[in-house]
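The values are calculated or read from the model by the stated rules, or taken from the named source; none is laboratory data. If you're wondering where the values come from, they're calculated on a predicted model, not measured in any experiment. Ideal geometry is used to build each Cβ from the backbone, glycine not excepted, and the neighbour counts take in all protein chains shown. The protein model used for the area step is the full one, side chains on, heavy atoms only, and it has no ligands, DNA or RNA in it. Shrake-Rupley method; radii C 1.70, N 1.55, O 1.52, S 1.80 Å.
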Amino acid sequence: MEMAWVWTGMVTLSLIFGLLSGNLDAVASAALEGARSAVELSLSMAGVLCLWSGVMEIMNACGLSEGLAGLFRPILRRLLPNASKDPETLAAVSANVSANLLGLGNAATPLGIRAARRMAKGCSGVASDELCRLVVLNTASIQLIPATIASVRAAAGCKAPFDILPAVWMASALSVTVGLLAAWLLSRGRRRL
């Protein structure tokens with residue numbers, strides 16, 4: 001609801017300043033151009049997301065995503081020991097990490113929500129340390145193939161949308177490391193209180 005007020009305020013202020021400065025035509029033109037650009041970006045991103053979602057479905061059908069998830073299970077058992085006792089929760093977390101690894105945040109979100117719901121059972125409204133680590137893993141995910149970012153770059157006219165790979169690898173590995181370290185330090189500090 002608050003965002004509705006923010007957007008309404010921005011539009012109102014734009015119209016008022018456009019009217020006062022005599023540039024109301026430019027404001028209207030910019031609004032229409034922005035709407036056109038937003039539709040073009042949405043359509044081009046939808047195509048790329050459909051492509052990568054299809055790739056993910058093919059990986060699921062041939063068992064490749066299960067194999068990829070299996071590679072993460074030893075690490076996840078150490079990071080989330082209680083969650084890994086439940087095979088369904090561990091499977092959801094593994095699939096979430098695999099989808100994030102492929103840069104498919106839209107496909108990873110339902111898996112992360114499923115894992116978080118299973119992990120939240122019995123938490124009595126307070127997130128456990130493991131649930132916080134899951135949120136860190138999901139939010140600051142390591143990405144080998146940043147499909148969503150590459151699709152935005154391609155839609156914006158970039159000739160080499162994947163030339164950002166080294167920077168994405170370094171930034172995502174660093175963000176996961178710092179996030180997990182912060183979660184570990186905060187959980188230790190909370191235990192001392």
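Annotations
- Computed from label points 7 Å out along Cα-Cβ, the spacing between Arg77 and Leu41 is 4.4 nm.
- Computed over protein heavy atoms with a 1.4 Å probe, the accessible surface of segment 25-161 works out to 56 Å² per residue.
- With DNA, RNA and ligands ignored, accessible area of Glu66 (1.4 Å probe; Å², nearest 10): 100 Å²
- The candidates Trp5, Trp184, arranged from most to least accessible area with a 1.4 Å probe in the full protein assembly, appear as Trp5, Trp184.
- Dipole moment magnitude, nearest 20 debye, the chain about Cα centre, only Lys, Arg, Asp, Glu C-beta charged: 1040 debye
- Net charge in the neighbourhood of Ala154 (other residues with Cβ under 15 Å of its Cβ; Lys, Arg +1, Asp, Glu -1) is 0.
- Rolling a 1.4 Å probe over the protein chains gives Thr8 an accessible area of about 80 Å².
- Distant alpha-carbon pairs in segment 17-137 (separation over 17 angstrom), percent: 65 percent
- At the listed q of 0.20 Å⁻¹, the Debye profile of segment 71-193, built from one uniform point per Cα, gives log10 I(q)/I(0) equal to -1.10.
- Other residues with beta-carbon under 14 Å from the beta-carbon of Pro81 carry, at +1 per Lys or Arg and -1 per Asp or Glu, a net charge of +2.
- Averaging 1/r across all pairs of distinct Cα atoms in segment 1-53 and inverting the result yields a Kirkwood radius of 13.1 Å.
- The accessible-area ordering, largest first, of the residues Asp163, Asp129, Asp25 stands as Asp25, Asp163, Asp129, per a 1.4 angstrom probe.
- Most fluctuating residue given options Arg118, Arg78, Arg133, as computed from a GNM of the chain linking Cα atoms under 10 Å: Arg78
- Computed over the chain with a Gaussian network model linking Cα atoms closer than 10 Å, the most mobile of Met56, Met170, Met119 is Met170.
- Ordering Met10, Met45, Pro74 by the projection of their Cα atoms onto the charge dipole of segment 1-107, which places +1 on the Cβ of Lys and Arg and -1 on the Cβ of Asp and Glu, puts Pro74 at the extreme positive end.
- Here is how the number arises for the chain: DSSP H runs of 4 or more residues each give -39500 (n - 2.57), the sum is divided by the residue count, and the result at 222 nm is -27500 deg cm²/dmol.
- Ordering Phe17, Phe162, Phe72 by accessible surface, largest first, gives Phe17, Phe162, Phe72; the 1.4 Å probe counts only protein heavy atoms, with every chain in place.
- For Val135, solvent-accessible area (1.4 Å; no DNA, RNA or ligand), Å²: 80 Å²
- When the charge dipole of the chain is built from unit charges on Cβ atoms (+1 for Lys and Arg, -1 for Asp and Glu) and taken about the Cα centre, the candidate among Ala116, Trp169, Ala26 whose Cα reaches farthest toward its positive end is Ala116.
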